[in-house]
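The structure under discussion appears below in the form of structure tokens.
The values are calculated or read from the model by the stated rules, or taken from the named source; none is laboratory data. Since the model is a prediction, treat every value here as computed from it, not as a measurement. A quick note on method: Cβ atoms are made from the backbone with ideal geometry, for glycine too, and the neighbour counts reach across all protein chains shown. Side chains are part of the model used for accessible areas, which takes the heavy atoms of the whole protein and leaves out ligands, DNA and RNA. Shrake-Rupley method; radii C 1.70, N 1.55, O 1.52, S 1.80 Å.
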Amino acid sequence: HVLIDGGAVNPLPYDLWQDECDATVAIEVAPARAADPGRNPRALDAVFTTIQIMQHSIIVEKMRRRPPDLLVRPRIVNVRLMEFHKARQIFEQAEPEKQRLKRELQRLMDAGHGKIPGRGGRRGAAAE
């Protein structure tokens with residue numbers, strides 16, 4: 001058997017729990033692609049970029065059909081796939097979205113008293 005990363009078919013799997021939760025939050029952390037028109041990409045970069053394009057297409061279609069209650073997309077630049085050593089840079093770039101996430105979660109909680117209006121998740125149904 002050969003196993004592959006689930007991101008190949010479901011790169012943002014928030015939909016797996018939508019019927020079980022009061023609210024779903026999807027966090028897409030793919031770095032922005034920075035093209036360098038002056039040079040051809042290395043083979044590995046071309047493969048990773050191809051995968052990112054495919055993942056983006058899947059996510060766009062999922063959002064069109066059944067979006068999450070809250071989508072978080074931090075703008076990550078100057079970081080390539082597999083550059084785990086740049087964690088501090090990634091966290092710094094994600095800070096504005098982190099703050100927005102906190103505000104939006106609080107808004108959702110305040111609006112629904114812990115349950116998102118219009119959602120029939122298990123926790124919400126048990127609390128009623």
*asked:* Can you compute the FRET efficiency between Ala8 and Arg80 using 1/(1 + (r/R0)^6), with r the Cβ-Cβ distance and R0 = 22 Å? Round to the nearest 0.05.
replied: 0.75
_Qualifying trypsin sites (Lys or Arg not before Pro) in region 41-95, DSSP loop, other Cβ atoms within 10 Å at most 16_ = Arg42, Arg75, Arg80
*Roughly speaking, what % of Cα-Cα pairs in region 11-62 are separated by over 13 Å, rounded to a whole number?*
67 percent
*Rg to Rh ratio, region 1-102, alpha-carbon atoms and Kirkwood radius?*
0.99
*Rough spin-label spacing in nm, given labels placed 7 Å along Cα→Cβ, for Glu28 and Glu61*: 1.4 nm
*Taking all protein chains together and a probe of 1.4 Å, list Val29, Val60, Val79 from the most accessible to the least accessible.*
Val29, Val60, Val79
